[in-house]
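Peer 1: Got a structure for you, written out below as structure tokens; questions coming shortly.
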């Protein structure tokens, strides 16, 4: 239950400074040489890295681990397996810390099923169970493309599973695909390494041999705690938006947990009851965040993170993440784009205001770091970005 003590009053500067530090954007992870374990620790701290665009995920993680490159992120994912690629918050593709997978699967399995999924009636409950069992058996020791997985599922269930009844843009998908979301949410399946440009699917037990989902209530409590660590203070409505669930359901969840109420500029929000320390330092630093970076997508309120002209220039219909952003002192201060040709990476940055000499030097250093992470040679142009938002 929420504790009824004197409400802590916080400034936006305090909140922003804490979030930057916890996202490793003001003080990136330090210590020994970067390795797959430290990469996973950072991904865990930010509750996952959006990975619909693989290069953006690699950059997002690399920016937070000094000395890291995209090769290290790939090694953590496919060789050391401290990361796993699967669907996380909002059903979008994420890199998650493999050690957190039992919590994620337990929490996602405990979420209310969206009405859009309930309306998909191409599979009966019994057929869904058959498909899930067939998927689990098929990927237990193999990385399979969707076409290969279709053959395996049909051979284990029957021709009905392969009927082309699912709408798929200008095509049709086989019936069994209606169970794919449930398979991912319940931990039956995750992504395997690409085969050329084609995605594969495999079993999470290949990352965690003793994988068992955490019980739902404990998993949801752990997920809220992780979210508030990275993005708090936050409201139930903000958590609901991040996870794509109903605000009323999120409010009931918050009410059931041990949280502390605070105010930020007079607005109520919550943090974990034992995590109420905030820095007195002001947010500082300059960073280039890629498409769908966790900080830009997960932090609220939007009007604080995208003040004034930033909302018009860097949001797409109110949606964050569709533009890579220039972050200055914890708020969005421009957009940017990178174009690669071989090892050459041309970075164009469009600031929304004038950058002084110190900021320009910091921007040059950040562009150089982008090149190092992406294993190329980056050059900087300050000017208009003509590329539109990513879908």
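Peer 1: Among the residues of the stretch 190-223, count how many are outside any strand (DSSP E or B), under 20 Å from the mean Cα position of the chain (by Cα) and closer than 14 Å to residue 142 by Cβ.
Peer 2: 1
Peer 1: On to the next question. When you go through 244, 219, 234, 183 one by one, which is the residue that is more than 30 Å from residue 358 (Cα to Cα) and either modelled with pLDDT under 95 or surrounded by fewer than 19 Cβ atoms within 10 Å (Cβ to Cβ) (or both)? Step through it out loud before you land on a result.
Peer 2: Values: 219 fails: either modelled with pLDDT under 95 or surrounded by fewer than 19 Cβ atoms within 10 Å (Cβ to Cβ) (or both); 234 fails: either modelled with pLDDT under 95 or surrounded by fewer than 19 Cβ atoms within 10 Å (Cβ to Cβ) (or both); 183 fails: either modelled with pLDDT under 95 or surrounded by fewer than 19 Cβ atoms within 10 Å (Cβ to Cβ) (or both).
Selected residue: 244, the only one of 244, 219, 234, 183 that is more than 30 Å from residue 358 (Cα to Cα) and either modelled with pLDDT under 95 or surrounded by fewer than 19 Cβ atoms within 10 Å (Cβ to Cβ) (or both).
Conditions tested, residue by residue: (1) in the same structural domain as residue 20 (by TED's automatic domain parsing); (2) buried (at least 22 other Cβ atoms within 10 Å of the Cβ); (3) more than 20 Å from residue 50 (Cβ to Cβ); (4) out of contact with any strand residue (DSSP E or B) (no Cβ under 9 Å at 6 or more places or on another chain).
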{"site": "302", "(1), (2), (3), (4)": "no, no, no, yes"}
{"site": "306", "(1), (2), (3), (4)": "no, yes, no, no"}
{"site": "313", "(1), (2), (3), (4)": "no, no, yes, no"}
{"site": "316", "(1), (2), (3), (4)": "no, no, no, yes"}
{"site": "341", "(1), (2), (3), (4)": "no, no, yes, yes"}
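Peer 1: Determine if the stretch 229-248 includes at least one residue that is more than 22 Å from the chain's Cα centre (by Cα), without any contact (Cβ under 8 Å) to a residue 60 or more places away in the chain, assigned to a helix (DSSP H, G or I) and not assigned by TED's automatic domain parsing to the domain that holds residue 122. Let's see the steps before the verdict.
Peer 2: If we filter the stretch 229-248 for residues that are more than 22 Å from the chain's Cα centre (by Cα), which is where we start, we get 248.
Next cut, without any contact (Cβ under 8 Å) to a residue 60 or more places away in the chain only: 248.
Still in the list and also assigned to a helix (DSSP H, G or I): 248.
Restricting the remaining residues to those that are not assigned by TED's automatic domain parsing to the domain that holds residue 122 gives 248.
The answer is yes; a qualifying residue exists.
Peer 1: Would you confirm, using the coordinates I've provided, whether residue 185 is out of contact with any strand residue (DSSP E or B) (no Cβ under 6 Å at 6 or more places or on another chain), under 24 Å from residue 52 (Cα atoms), without any contact (Cβ under 8 Å) to a residue 24 or more places away in the chain and not assigned by TED's automatic domain parsing to the domain that holds residue 254?
Peer 2: On the way: out of contact with any strand residue (DSSP E or B) (no Cβ under 6 Å at 6 or more places or on another chain): yes; under 24 Å from residue 52 (Cα atoms): yes; without any contact (Cβ under 8 Å) to a residue 24 or more places away in the chain: no; not assigned by TED's automatic domain parsing to the domain that holds residue 254: yes.
In short, no.
Peer 1: Report, by residue number, each residue of the stretch 263-288 that is surrounded by 15 or more Cβ atoms within 10 Å (Cβ to Cβ) and part of a strand (DSSP E or B).
Peer 2: Within the stretch 263-288, 264, 269, 270, 271, 272, 286, 287, 288 qualify.
Peer 1: A further question follows. Looking at the stretch 306-321 only, could you name the residues that are under 18 Å from the mean Cα position of the chain (by Cα), at negative phi and part of a loop (DSSP other than H, G, I, E, B)?
Peer 2: 315, 320
Peer 1: Shifting gears a bit: Kindly evaluate residue 260 against the criterion of being farther than 26 Å from residue 57 by Cβ, part of a strand (DSSP E or B) and in contact with a strand residue (DSSP E or B) (Cβ under 9 Å, 6 or more places away or on another chain).
Peer 2: Values: farther than 26 Å from residue 57 by Cβ: yes; part of a strand (DSSP E or B): yes; in contact with a strand residue (DSSP E or B) (Cβ under 9 Å, 6 or more places away or on another chain): yes.
Yes, satisfied.
Peer 1: Here is a further query. Given the conditions (1) crowded, with 22+ Cβ neighbours inside 10 Å; (2) farther than 17 Å from residue 370 by Cβ, which single one is not true for residue 78?
Peer 2: (1)
Peer 1: Please work out which one of (1) farther than 22 Å from residue 79 by Cα; (2) surrounded by fewer than 20 Cβ atoms within 10 Å (Cβ to Cβ); (3) in contact with a strand residue (DSSP E or B) (Cβ under 7 Å, 6 or more places away or on another chain) is the condition residue 192 fails and give its number.
Peer 2: (1)
Peer 1: Now a separate question. Taking interchain pairs and intrachain pairs at least six residues apart, which have beta carbon atoms under 6 angstrom, with the first residue in the stretch 47-65 and closer than 12 Å to residue 369 by Cα and the second in a helix (DSSP H, G or I)?
Peer 2: If the second residue must be in a helix (DSSP H, G or I), the pairs left are 59/373; 62/373; 64/42; 65/38; 65/39; 65/42.
Peer 1: I'd like to verify a number: residues in the stretch 352-391 that are in a helix (DSSP H, G or I) and within 23 Å of residue 62 (Cβ to Cβ), how many?
Peer 2: Summing the residues that are in a helix (DSSP H, G or I) and within 23 Å of residue 62 (Cβ to Cβ) in the stretch 352-391 gives 15.
Peer 1: What is the number of the single condition among (1) in contact (Cβ under 8 Å) with a residue 24 or more places away in the chain; (2) within 13 Å of residue 235 (Cβ to Cβ); (3) under 22 Å from the mean Cα position of the chain (by Cα) that residue 272 does not meet?
Peer 2: Condition not satisfied by residue 272: (2).
The values are calculated or read from the model by the stated rules, or taken from the named source; none is laboratory data. Given the structure is predicted, the values throughout are model-derived calculations rather than measurements. Counting neighbours? That spans all protein chains shown, and the Cβs are built from the backbone with ideal geometry, glycine included.
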